[in-house]
Amino acid sequence: MSRLFGYSRLCLWLCCSLYGSASWADPAQQAQELQQSFRTMEEALQHSPLKRPVDLSSRESADHLSGDLYASVEYNLSALATAAGSTQHWCEIMLLLSNTKACRTSAGPKNSMQVFVSSSKSADTADATATEFHLDIPGNDKAYFEAVVAAKDGPMGTQDIRMQLQATPLSPTRSFLHLHYSYNTHWLGRVAMQAYLQTLGRGKVGFTPAPDSGAGTPSYIGGARAVIERNTMRYFLGLDCAMALAQQEAPQRFNAMAECWYGQVEKYPLQLHEMQRAEYLQMKAAQYPR
C-alpha cells in the first residue's frame, strides 16, 4: 500500500511541478492535468487510510512549507464553485478553525478579507494578529474551477501565504480536487515555529506515517510538516462542509457548518482534536458577525 501511495505522489509531484502551481496556465490544460492526476491515483484513493478518498502529503525546506491534498468528493463542480467562489464563503471556511477569531470582507472590487488569528481560547480579537488575504478566481467553467487565496504577510513570521483550490468534474455528481496550502518563513518565523512546537504544539502529529512506523499501531510525523498537514486537512474539511451547505442562508449556514466541521475533525482525534464540542460551538457562535 505504501508503495502505491509513494508512486502516486511522485507522479503528482511531477504534474504539479509542471502545471499545478501555475494559476496562469490554460484552464483546459489544467483540467486535463487534474483528470490525469485522478487516473494516476484512483486506486490509491480507493484504499486511502484517511477513511475517505483523500491523499495528503507535505514538504519542508529551509524557508518553505507546503501541504497538498487530493480528494474525490460527492459534489458537482457547481456546488464547489459556489462554496469557494466568494470572500464571504472563504471567510466562513477560515472562521471554522479554532484559532481564527474573526474574518471581515471588504466592499469593492479587491476581493479582500481581513482574518484575525490568535492561539488564545477566548472568542474576541484583543490579542489576535490581522492578515489581509485576497481572493482570485483564475478559472470557472463547466470543466475547471480554480480559486487562489493569498496574503503577502501573515502571523508568526509567515510570508507569501497561498491556498490554491483546483477542481474538475468526474461525473455530474462527483468532482476531483487539489488543495495546495503553503507559505514561506524568514528567521523570525522559524523561531516562532520552534517556540510553538515546544509549547502548544508539543506532541502533536500529522497524517503522514513516520519512517519508523510499524505494521501494528502506526506512528506519525511531527514538527512543522505535521502543522501544515493538520491545517491543510482542516481547510479541506471546511470546504467539504461549505459544499454540503452552500445553498443555506447565512447565518444559519455558518451554524450548520460549525456543527459539520466539528463532527468531521473529530474523525481524526489524534491529529485534530482541540476542545469539546459545546465549547467550540459556543465560541464560534460568538465570533460569527450577526
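Going through 94, 113, 163 one at a time, which residue ends up being in contact (Cβ under 8 Å) with a residue 12 or more places away in the chain and in contact with a Gly (Cβ under 9 Å, 6 or more places away or on another chain)?
Every option except 94 fails the conditions.
Picking from 154, 238, which residue would you name as being out of contact with any strand residue (DSSP E or B) (no Cβ under 7 Å at 6 or more places or on another chain) and small (Gly, Ala, Ser)?
When all the criteria are applied, what remains is 238.
Being crowded, with 20+ Cβ neighbours inside 10 Å, within 18 Å of the chain's Cα centre (by Cα) and free of Cβ contacts under 8 Å to residues at least 60 places away in the same chain narrows it down to one residue among 230, 234; which is it?
230
Name every residue in the range 44-62 that is among the hydrophobic types (A, V, I, L, M, F, W, C) and closer than 18 Å to residue 231 by Cα, in order of residue number.
50, 54, 56
Which of the numbered conditions does residue 263 fail, given that it passes all the others? Conditions: (1) small (Gly, Ala, Ser); (2) within 20 Å of residue 102 (Cα to Cα); (3) under 18 Å from the mean Cα position of the chain (by Cα).
The failed condition is (2).
Condition (residue is among the small types (Gly, Ala, Ser), surrounded by 14 or more Cβ atoms within 10 Å (Cβ to Cβ), touching a Phe, Trp or Tyr at 6+ places or on another chain (Cβ under 9 Å) and at pLDDT 95 or above) applied to the range 6-26: is it met by at least one residue?
no
Could you tell me which residue of the range 49-77 is surrounded by the most Cβ atoms within 10 Å (Cβ to Cβ), considering only residues that are polar (S, T, N, Q) and at pLDDT 95 or above?
It comes out as 58.
Name the pairs whose Cβ atoms lie under 8 Å apart, with the first residue in the range 138-150 and within 11 Å of residue 167 (Cβ to Cβ) and modelled with pLDDT of 95 or more, the second in a strand (DSSP E or B) and among the hydroxyl-bearing types (Ser, Thr, Tyr), and 6 or more positions between them or separate chains?
143/168; 144/168; 145/168
Here are the criteria: (1) surrounded by 16 or more Cβ atoms within 10 Å (Cβ to Cβ); (2) within 17 Å of residue 95 (Cβ to Cβ). Tell me which single one residue 252 does not satisfy.
Status for residue 252: all satisfied but (1).
Identify all residues within the range 157-174 that are modelled with pLDDT under 95 and either polar (S, T, N, Q) or within 18 Å of the chain's Cα centre (by Cα) (or both); write none if there are none.
158, 159
List the strands (runs of 3 or more DSSP E) inside the range 47-165, counting only whole elements, that have at least 3 residues being among the hydroxyl-bearing types (Ser, Thr, Tyr).
64-73
Can you tell me how many residues within the range 201-218 are modelled with pLDDT under 90, under 21 Å from residue 55 (Cβ atoms) and surrounded by 14 or more Cβ atoms within 10 Å (Cβ to Cβ)?
Here the count works out to 1.
The values are calculated or read from the model by the stated rules, or taken from the named source; none is laboratory data. Owing to the predicted nature of the structure, the values given are computational and were not obtained by experimental measurement. When we count neighbours, we look across all protein chains shown, and the Cβ atoms used for this are built from the backbone with ideal geometry, even at glycine.
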